[in-house]
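A.B. asks: First the structure, then my questions, so here it is.
Since every read-out is calculated from the coordinates, none of them should be taken as a lab result. No experiment lies behind these values; they were computed from the predicted model shown. Here the Cβ positions follow ideal geometry from the backbone for every residue, glycine too, while neighbour counts run over all protein chains shown.
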Amino acid sequence: MPPPAAVVEETTELLDHQKAKDAFKARSQARGQLKKLADEARTRGYRATDKPEDFVAVRFRARADRDVEPTGPTRGAPVRAVEFEIVGQSLSKDGSQGAIATATIRAGNNELTYDLLLEAPGGRFGEAREFTVVNDQVVPAHSWWSAWIGCLRNRCASTCLNSLVTCAGTWAAYYWCVVAACGGCVGKCTACASCDCSWWCRWAAGCCDA
């Protein structure tokens, strides 16, 4: 049996605030789920602004040294590169922080997109609650955020772990603060949380189910 494919190129791109804002606006116009989550956030009393610093966008790309083939009974065309993107907007409400974000990971003909609403009561991100849209209804979820936090705790350097509890501010500020402490590991964990352990992306992002 040949050895598994190895990652030979890996990049994480942090978009500036204005580009992040433009990307989020474009995704919001294209995805009805984001509008539903925005409506839910307003119902919960959250407010959003158009300030560029309230937006965040990250892109992660990886390339393998050979084709990655489907595993087990799974069928599909081989892949050699994967691309991930997350864009989001911060929300606020009387000291509590929130965010609406959309994450997409793709490789070849394969693609997964996940939209989420986060609530951090009192700005406590360690207690964040996650919601998504299922069958046109906003429902509680326990997937992306918990997978992201778990990946950071398990894979990133111990020097960055304090940032998960010490970073504060808006969701965008919190994310950038964690990036500053944890470096490129954040990009890979952000992709991992979106991959859902699928064969076509776990070779690059890893598997970190919540």
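A.B. asks: How much mean residue ellipticity at 222 nm does the chain get from its helices, if each DSSP H run of length 4 or more adds -39500 (n - 2.57) and you divide by all residues, to the nearest 500 deg cm²/dmol?
C.D. replies: Result for the chain: -10000 deg cm²/dmol, rounded to the nearest 500.
A.B. asks: Assigning unit charges at the beta carbon (Lys, Arg +1; Asp, Glu -1) and nothing else, what dipole magnitude in debye, to the nearest 20, does the chain show about its Cα centre?
C.D. replies: 120
A.B. asks: Follow-up question, since we're still on this one. Of the listed values [x] 7, 30, 37, 21, 4, 0; [y] 7, 24, 22, 17, 13, 9, 5, 2, 1, 0; [z] 9, 35, 37, 16, 4, 0, grab the one calculated as P(r) over Cα pairs in 10 Å bins from 0, in percent from the structure here.
C.D. replies: Answer by label: [z].
A.B. asks: If you take the charge dipole of the chain about its Cα centre, with +1 on Lys and Arg Cβ and -1 on Asp and Glu Cβ, which of LEU118, ALA38, GLY187 is farthest toward its positive end?
C.D. replies: Looking along the dipole axis, the top candidate is ALA38.
A.B. asks: Could you give the angle, 0 to 90 degrees to the nearest 10, between helix 144-155's Cα long axis and the longest principal axis of the Cα atoms of the chain?
C.D. replies: 60
A.B. asks: Give a residue-ordered list of calculated ³J(HN,Hα) values for segment 60-74 (Karplus: 6.51 cos²θ - 1.76 cosθ + 1.60, θ = phi - 60°; whole Hz; x for Gly, Pro).
C.D. replies: The phi angles translate into 10, 10, 9, 10, 9, 7, 7, 5, 9, 9, x, 10, x, x, 5 Hz.
A.B. asks: Sort the following peptides by mean Cβ neighbour count (other Cβ atoms within 10 Å, averaged over residues), highest first: 20-31, 189-200.
C.D. replies: Put in order of decreasing packing, that is 189-200, 20-31.
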